[in-house]
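One structure is given below, encoded as structure tokens.
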Amino acid sequence: MKPLPLPIAVGVGDLELAQERSKASSQQVGGDHYCKMAIQPAEYAQRNQLNYCESAVIKYVSRHRNKNGAEDIKKAIHFLNLLLEIEYKDQ
């Protein structure tokens, strides 16, 4: 998704809107299933210092209704199983 161009006539709030649209978190390559969310999975994972497997679970569970359905749930389960294997292999 290309960023929207800056407006020609700048009014109150136009500059802030243009700056918001130019942020990486306001853009998405290949669809819009993340941009529709109140908080994107990448931002959530980063702010909460999640590891790769934990981040992938959040990503797939968050998008399943708007992208790949059951396949995304299966991917989330796969990453949960990997997390169990890696972090709790002795239990």
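The values are calculated or read from the model by the stated rules, or taken from the named source; none is laboratory data. Since the model is a prediction, treat every value here as computed from it, not as a measurement. FYI the Cβ positions are ideal-geometry reconstructions off the backbone, even for glycines, and counts take in every protein chain you see.
A compact table of results
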item: Failed condition for residue 44, given (1) modelled with pLDDT of 65 or more; (2) out of contact with any Leu (no Cβ under 9 Å at 6 or more places or on another chain); result: (2)
item: Those residues of the range 51-69 which are among the small types (Gly, Ala, Ser), modelled with pLDDT of 95 or more and over 21 Å from residue 87 (Cα atoms), in sequence order; result: 69
item: Qualifying positions in the range 52-91 - surrounded by 14 or more Cβ atoms within 10 Å (Cβ to Cβ) and of a type in the set (Asp, Glu); result: 54, 72
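Rundown of residues vs (1) among the polar types (S, T, N, Q); (2) at negative phi; (3) modelled with pLDDT of 95 or more; (4) outside any helix (DSSP H, G or I), yes/no style:
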residue	(1), (2), (3), (4)
19	yes, yes, no, no
34	no, yes, no, yes
49	yes, no, yes, yes
72	no, yes, yes, no
76	no, yes, yes, no
84	no, yes, yes, no
91	yes, yes, no, yes
